[in-house]
Amino acid sequence: MAERYYLGIDLGGTNIKAGIVTETAKVLSKLSVTTDAECGPDHVLSRMCEAGEEAIKQSGISIQDVTAIGVGAPGALSHKKGIIIAPPNLPGWKNVPVRDYVSRYFNKPATLDNDANAAAWGEYWAGAGRGKSSLVMFTLGTGVGGGIVYDGKFLRGHYDTAAELGHIIVEPNGKRCNCGQIGCLEIYASAINSAKIATEELKAGRKSSMQEELSAGKLITTEIILNHKLKGDSYAEEIWNRTCRYIAIGCVSMDHVINAEIIVLAGGMVAAGEYLLKPVQKFYQELQGPVFGNNSGKIVLAELGNDAGFVGAAGAAKLCEEVGSFSGL
Ligand SMILES: [Zn+2]
């Protein structure tokens with residue numbers, strides 16, 4: 001039997017990524033184009049399909065060879081209805097029927113999933129989770145996303161909002177999150193927010209070598225915090241460790257819920273490599289009591305980088321085909 005091919009499309013607020021992935025998770029082609037979100041849904045839907053056509057062309061197959069299409073997109077969305085509801089980073093989008101548009105354009109079955117869930121499925125299928133029984137993934141970038149893979153499936157939830165791990169409460173008396181809830185992990189552990197907290201504390205007069213960067217008008221980022229920590233600045237060390245501890249709190253909580261074989265750290269902050277992994281692992285061990293400590297999931301770094309989204313979307317299309325759960329067309 002001929003090999004099967006899946007088209008994966010990852011719709012982001014800034015870029016659209018598309019690629020052809022085989023049934024054995026081999027990437028045959030991949031490309032990225034700008035989303036041009038300000039031009040509205042019709043324009044973006046066309047760009048997504050054009051990027052898909054180009055990915056098919058570059059892989060050397062034809063559309064007839066594609067078995068199905070998977071799209072990963074920012075939430076809130078409905079997998080069941082195949083619509084994007086109202087994502088904060090796609091202004092003006094309301095109830096856009098992405099799945100059916102893509103499905104009709106290519107005349108192939110299509111599926112739509114939350115981008116963080118799709119990325120977790122990508123890591124499970126083709127990256128850090130390959131061969132593992134289960135995983136929980138934290139995506140640490142502008143916000144904190146999440147995905148849970150268990151028993152050969154990823155968790156969507158009854159209302160398609162499962163695995164929003166950025167909104168686990170870590171400080172019930174803490175700061176208010178953009179979602180309206182108080183004390184979310186995202187407020188303390190995302191790259192943007194941990195840099196924001198550092199900036200506020202520096203402005204309030206914390207002694208640190210980062211004060212020079214602030215005076216020079218530079219935007220404090222997690223990269224700057226890490227650089228100063230590595231040069232021996234004690235405040236940079238404190239804020240870096242605080243962020244890692246919050247991530248570890250999220251990991252411990254999820255271990256008690258899922259007890260997955262591995263916990264994957266993904267997203268922009270993973271560029272810090274061992275400087276991120278080691279302290280998170282250390283706090284993870286320290287926070288757990290002896291009852292669970294020896295039977296908890298191992299924390300590892302993601303392997304697919306920015307490819308996880310489209311690879312996972314393609315994998316989600318394969319999964320839908322296997323369980324016969326496509327709708328639309
Ligand atoms: Zn929140």
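Based on this model, can you work out whether residue 62 counts as without any contact (Cβ under 8 Å) to a residue 40 or more places away in the chain and loosely packed, with under 15 Cβ neighbours inside 10 Å?
So residue 62 fits the description; yes.
If only one of 236, 260 is closer than 21 Å to residue 282 by Cβ, in a loop (DSSP other than H, G, I, E, B) and more than 16 Å from the ligand (Cβ to nearest atom), which one is it?
Matching residue, one of 236, 260: 260.
Give all pairs with beta carbons closer than 6 Å in which a residue from the stretch 23-48 that is surrounded by fewer than 16 Cβ atoms within 10 Å (Cβ to Cβ) meets a residue that is among the aromatic types (Phe, Trp, Tyr) and at pLDDT 95 or above; count only pairs at least 6 apart in sequence or on separate chains.
none
Condition first: in a loop (DSSP other than H, G, I, E, B), more than 8 Å from the ligand (Cβ to nearest atom), without any contact (Cβ under 8 Å) to a residue 40 or more places away in the chain and not charged (D, E, K, R). Now tell me which residues in the stretch 165-195 satisfy that.
Correct list: 172, 173, 174, 183.
Among the listed residues 218, 207, which satisfies the condition of being assigned to a loop (DSSP other than H, G, I, E, B) and either over 20 Å from residue 268 (Cβ atoms) or within 12 Å of the ligand (Cβ to nearest atom) (or both)?
Going through 218, 207 in turn, the sole match is 207.
Considering only residues of the stretch 106-134 that are closer than 20 Å to residue 162 by Cβ and of a type in the set (Gly, Ala, Ser), which is nearest to the chain's Cα centre (by Cα)?
Looking at the filtered set, the residue picked out is 116.
So which residues in the stretch 113-157 are assigned to a strand (DSSP E or B) and β-branched (Val, Ile, Thr)?
Across the stretch 113-157, the qualifying residues are 136, 139, 144, 148, 149.
The values are calculated or read from the model by the stated rules, or taken from the named source; none is laboratory data. Model, not experiment: these values are computed from the prediction. We place every Cβ from the backbone using ideal geometry, glycine too, and count neighbours over all the protein chains shown.
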